[in-house]
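The values are calculated or read from the model by the stated rules, or taken from the named source; none is laboratory data. Only a predicted model underlies this, so the values are computations on that prediction, with no experimental measurement involved. Backbone-built Cβ (ideal geometry, glycine too); neighbour counts: all protein chains shown.
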Amino acid sequence: MLHEDDVQAAQKLTEACRLITDQLARVIVGQHQVVEELLVTMFARGHCLLVGVPGLAKTLLIRTLADALSLQFSRIQFTPDLMPSDITGTEVIQEERATGVRELRFLPGPIFANIVLADEINRTPPKTQAALLEAMQEHQLTVGGTRHVLSEPFFVLATQNPIEQEGTYPLPEAQLDRFMFNTFVDYPGEEEELEIIKRTTADAPAEVAPTLKGEEILALQKIVRRVPVAEHVARYALALARGTRPHERAAPEFIRDYVSWGAGPRASQYLVLGGKARAVIHGRFCVATEDIEAVAYPVLRHRILTNFNAEADGVKPDQVIRRLIDHVRQTQEVMPKGGTVPQILAARSSGTA
């Protein structure tokens with residue numbers, strides 16, 4: 001269980017998320033689910049890929065988040081001619097005027113920031129996309145044999161257009177797996193779009209006040225790691241991740257029919273971490289199965305590779321995830337090596353809770 005100090009710190013995180021959400025609402029209309037998933041990603045120390053058609057304020061949302069957090073922000077516009085050194089930085093020869101001595105000096109690239117916006121990440125070749133791999137996984141870069149540690153906190157928030165495929169380079173599965181969440185940004189509702197029109201056509205730009213500093217975010221990230229998880233909840237997350245793999249003995253039939261490759265172990269980790277962060281954001285200090293289910297879609301949708309059968313039947317990853325959640329609810333009343341799940345989970349499965 002959490003100690004009293006941890007509970008107080010978790011309450012601070014809940015309040016901080018409320019303040020951040022209020023600041024974002026000054027600029028961004030609606031998109032509550034997207035905002036929540038961004039906050040979950042940030043406090044779970046992950047990275048997020050935002051997928052949506054142009055004009056849905058993906059870039060504006062990320063920029064506003066950086067302003068609300070008082071963090072160093074950097075934007076990289078990905079294009080076909082972008083080179084890896086344009087992201088990481090490069091070594092140049094500089095001459096010391098006083099002595100005339102020439103030496104190599106490293107000029108940092110835009111990746112050296114707290115929040116990095118990788119705009120239209122699929123518009124650059126894989127060689128340049130791969131320049132982000134080391135930074136996203138290890139929070140460091142190696143250039144010219146020298147290791148450069150990135151400033152903390154560090155987040156990569158990338159955007160991608162799902163409908164325009166000409167001149168694009170789909171992200172490899174290994175690169176997609178580096179992103180904790182794949183967040184879908186949908187069209188706003190009618191009333192929300194009306195409010196967008198009113199705000200953006202008036203001469204009254206909204207201002208966002210900083211609410212958290214970098215060291216405060218790092219402290220709150222540690223609190224998320226200390227949130228307790230019951231074994232049956234951890235096994236529930238494990239069952240969801242392993243259930244996506246068609247070669248597993250316990251995989252349901254529809255997974256074998258529609259999925260070529262399922263999620264790896266990183267998905268299980270992110271399901272639990274995402275569940276921890278979401279629980280604290282909602283003012284709870286232990287993880288429930290509902291938290292795991294809520295983060296299952298952004299965690300799993302880019303880690304499930306559907307096959308030709310799914311394409312022929314029009315089955316999308318989100319539909320597979322929905323069926324998988326229903327399947328696990330029905331079959332996980334008794335867990336292998338874990339005893340009986342508490343009655344509340346069985347009640348949720350039958351729809352009585």
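Restricting attention to the stretch 104-127, which residues are assigned to a helix (DSSP H, G or I) and in contact with a helix residue (DSSP H, G or I) (Cβ under 9 Å, 6 or more places away or on another chain)? Explain how you work it out, then say what you get.
Residues of the stretch 104-127 that are assigned to a helix (DSSP H, G or I), as a first pass: 121-123, 126-127.
If the condition is that a residue be assigned to a helix (DSSP H, G or I) and in contact with a helix residue (DSSP H, G or I) (Cβ under 9 Å, 6 or more places away or on another chain), then ILE121, ASN122, PRO126 are the ones that fit.
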When every residue in the stretch 314-341 that is at pLDDT 85 or above and in a loop (DSSP other than H, G, I, E, B) is compared, the one nearest to PHE254 (Cα to Cα) is VAL315
Within the stretch 159-180, restricting to residues that are modelled with pLDDT of 85 or more and of a type in the set (S, T, N, Q), the one that is surrounded by the fewest Cβ atoms within 10 Å (Cβ to Cβ) is GLN160
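On the basis of being surrounded by 12 or more Cβ atoms within 10 Å (Cβ to Cβ), in a strand (DSSP E or B), in contact with a Leu (Cβ under 6 Å, 6 or more places away or on another chain) and not basic (Lys, Arg), does THR183 make the cut? Before you say what the answer is, go through the steps one by one.
Details: surrounded by 12 or more Cβ atoms within 10 Å (Cβ to Cβ): yes; in a strand (DSSP E or B): yes; in contact with a Leu (Cβ under 6 Å, 6 or more places away or on another chain): yes; not basic (Lys, Arg): yes.
So THR183 fits the description; yes.
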Inset, instruction - Confirm whether LEU60 is surrounded by 22 or more Cβ atoms within 10 Å (Cβ to Cβ) and either within 15 Å of LEU117 (Cα to Cα) or modelled with pLDDT under 80 (or both). - result: no
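Residue-wise test of (1) within 23 Å of LEU38 (Cα to Cα); (2) part of a loop (DSSP other than H, G, I, E, B); (3) more than 20 Å from the chain's Cα centre (by Cα).
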residue	(1), (2), (3)
THR211	yes, yes, yes
HIS232	no, no, yes
ALA237	yes, no, no
ARG245	no, yes, yes
Per the list (1) assigned by TED's automatic domain parsing to the domain that holds THR168; (2) free of Cβ contacts under 8 Å to residues at least 12 places away in the same chain; (3) among the β-branched types (Val, Ile, Thr), residue check on ILE115 breaks on (2)
Closer than 19 Å to THR79 by Cβ and not aromatic (Phe, Trp, Tyr), is that true of LEU171?
yes
Quick check on the stretch 284-297. Is at least one of its residues over 30 Å from GLN8 (Cβ atoms), not hydrophobic (A, V, I, L, M, F, W, C) and not assigned by TED's automatic domain parsing to the domain that holds THR41? yes
